[in-house]
1. Restricting to segment 222-243, and then to whatever is more than 13 Å from the chain's Cα centre (by Cα) and assigned to a loop (DSSP other than H, G, I, E, B), can you tell me which residue is surrounded by the fewest Cβ atoms within 10 Å (Cβ to Cβ)?
2. Which residues, counting only those in segment 298-314, are assigned to a loop (DSSP other than H, G, I, E, B) and either under 17 Å from Pro362 (Cβ atoms) or at pLDDT below 95 (or both)?
3. Looking at segment 298-326 only, could you name the residues that are under 14 Å from Val30 (Cα atoms) and touching a Lys or Arg at 6+ places or on another chain (Cβ under 7 Å)?
4. Name the residues in segment 195-221 that are more than 16 Å from the ligand (Cβ to nearest atom) and either crowded, with 22+ Cβ neighbours inside 10 Å or within 16 Å of the chain's Cα centre (by Cα) (or both), would you?
5. Within segment 316-365, can you find the residues that are part of a helix (DSSP H, G or I), within 24 Å of His159 (Cα to Cα) and without any contact (Cβ under 8 Å) to a residue 24 or more places away in the chain?
6. Might you let me know whether segment 83-99 holds any residue that is more than 16 Å from the ligand (Cβ to nearest atom), under 19 Å from the mean Cα position of the chain (by Cα) and either at pLDDT 95 or above or of a type outside the set (Lys, Arg) (or both)?
7. Would you pick out the residues in segment 128-142 that are at negative phi and not acidic (Asp, Glu)?
8. Of (1) within 25 Å of Glu176 (Cα to Cα); (2) among the hydroxyl-bearing types (Ser, Thr, Tyr); (3) surrounded by fewer than 18 Cβ atoms within 10 Å (Cβ to Cβ); (4) touching a residue at least 12 places away in the same chain (Cβ under 8 Å), Tyr60 satisfies all except one. Which?
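The values are calculated or read from the model by the stated rules, or taken from the named source; none is laboratory data. What you see is a predicted model; the values in this text were computed from it and never measured. Cβ atoms come from the backbone with ideal geometry, glycine included; neighbour counts cover every protein chain shown.
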Amino acid sequence: MSRNAKYFSRNIVSHKPYLPGIQPADEEEVIKLNTNENPYPPSPHVKDAVLAELESLRLYPNPPSGQLRKALSDLHGLNQDQVIIGNGSDDILNLCTRCFADASLSVGMLEPSYSLYEVIASLQGAALHRIPFADDSFSIDPQAVIDSGANLFFITSPHAPSGREYDQNCLRRVVESFDGIVVIDEAYADFATQNAIGLLDEFHNLIITRTLSKSYSLAGMRVGYGLGSPELVSVLDEAREVYNVDRLAQAGAWAALTDRAYFKSTCAKITEEREKMRSLLREWSWKTCPSGANFLFTLPVDSHGRTGQEVAVNLYEYLASRKILTRHFPRHELTSSYLRISIGNSRDMDILIERLIEWKTPEQP
Ligand SMILES: Cc1ncc(COP(=O)(O)O)c(C=O)c1O
């Protein structure tokens, strides 16, 4: 049947879907530094847990993912009724728009940020307020967020794609005066020095989302979670697809979460590689934001000393033709001259550095 918009919801007719970074076919040998995946495998306990769980696949999974809620409430020092588990943190972000946005309740986001926020607002038929950053270092103007008129506001912290961290005082200023619900998307917080979890005790209009895709190396398994007041969590829970996290994912995620030593050692390796790479980029005078995430956002300078969108695209293509994938965000002036590069293992980073040096070195006459 051909697409006939006559039968489609008004929200879907004008909808523009989310465009993920390139996911090459498995057999293609690339160094994949474009979607902030973890370069290390998940904890070895994950495989054992998933294999053992195969025995039980004829049965539906535990609807609230109870064991995971318990592990996460213990980890963060919260009560179990303050935790909700999702099929990736995208599932929780989606639930937030389902519950707190509609044609009369608008959504706000800082522009540029994770572009999924505008996609899920549009699916919900909600108007979107795009609030600019206060400067080109991605500083937040709390008053601009407070005055946005949105009912639901998404803040990415650490910010993507810059990696910038925001301290609790800045976030407190927003949450305490915002007349609506603030979602702080902490997808990358495990690589950062600070987070907003301490604010959950103070404010009941706050939801924090986290993911196991990055720091626990489980992007392919799809597990994320939300933290908030029991009141907000129970609303999200009522809208949640009842079996949203399958048995293999619940078992694997629990095994990953409870292997703290492995988690700490892989996060430490990634942050160490990140800092090594950042000092090199600074030596080259490539402007690079301090990052609390598993990626760096850098302004490439070519062999003629030039920067700008064309230079960034040139490097992006140069690396892609040498099978290194990175991410370029052409749609906004704060991002179009930069590349975002995920942190790989030390071998990936060594190859990346070799290619960057080739690219930036002037050709011999
Ligand atoms: C800022 C941000 N939030 C959320 C997500 C989604 O994570 P998940 O894999 O848990 O759906 C991503 C993924 O890249 C992200 O960059």
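1. So, considering only residues that are more than 13 Å from the chain's Cα centre (by Cα) and assigned to a loop (DSSP other than H, G, I, E, B), the one surrounded by the fewest Cβ atoms within 10 Å (Cβ to Cβ) is Val242.
2. Correct list: Pro300, Val301, Asp302, Ser303, His304, Gly305, Arg306, Thr307.
3. Within segment 298-326, Leu319, Arg322, Ile324, Leu325, Thr326 meet the criteria.
4. The one that is more than 16 Å from the ligand (Cβ to nearest atom) and either crowded, with 22+ Cβ neighbours inside 10 Å or within 16 Å of the chain's Cα centre (by Cα) (or both): Leu206.
5. The answer is Tyr316, and nothing else.
6. Within segment 83-99, not a single residue is more than 16 Å from the ligand (Cβ to nearest atom), under 19 Å from the mean Cα position of the chain (by Cα) and either at pLDDT 95 or above or of a type outside the set (Lys, Arg) (or both).
7. Leu128, His129, Arg130, Ile131, Pro132, Phe133, Ala134, Ser137, Ser139, Ile140, Pro142, listed by residue number.
8. (1)
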